[in-house]
Amino acid sequence: EIDTDDNGEKITYVAPTFYGLTVGASYIPQALTEDDRGLTDISSANSEAYGVGALYAKEFGPVGLKLSGGWVTYDVSGAVAGVTKKSNEWSVGTQVSYAGFTVGGSYLKRDVDNKPTNAGNTDWRVAGHQGQSWDVGVSYATGPYAVSLSYFHGASANTGDYTDSDSVVSLGGAYDL
């Protein structure tokens, strides 16, 4: 999921599904998170974002297939004094299902281009926050029972070297009453 804009207001159009394909686009006039909007040095900054996405979902006999992809770009030039910050994010994902089993995974990549125009700027919002994350999982459902196992890994960088990473393993179960 590309969620850099947090829960910013946006205009989104999603086209009707045609032969399993759904596409959409969004315009986000203020892509800064709500936590950042009250800060005086960025509250009036240009932070427009644009994004597109697509989903293909189709069943071929007993086999189900889902493919998704998305891309967003934003420019928060002037959001922090003396910094030009441009970002491109993209994600892809897939799921294949058969006889109650579903296997899937996704990948997200965020590229941030920070260009400080004043040498002493060490503001935390200048940090790159670029990185990547991926996940893979499997689930099985039969009748009212379901069980799943998944693995997630994410890494981010502030200066080009990956400086923070996290991994999560999740085991879940469900029973529909």
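None of the figures in this text is laboratory data; all of them are computed from the coordinates on show. Values in this document were obtained by computation on a predicted structure and should not be read as measured data. Here the Cβ positions follow ideal geometry from the backbone for every residue, glycine too, while neighbour counts run over all protein chains shown.
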The simple spin-label model distance between F101 and A155, using points 7 Å out along Cα→Cβ, in nm, is 3.0 nm
Full extension between K86 and V136 adds, at 0.36 nm per residue less the Cα distance, a length in nm of 15.1 nm
Taking R0 as 45 Å and r as the Cβ-Cβ distance between T163 and T22, the FRET efficiency 1/(1 + (r/R0)^6), rounded to the nearest 0.05, comes to 0.75
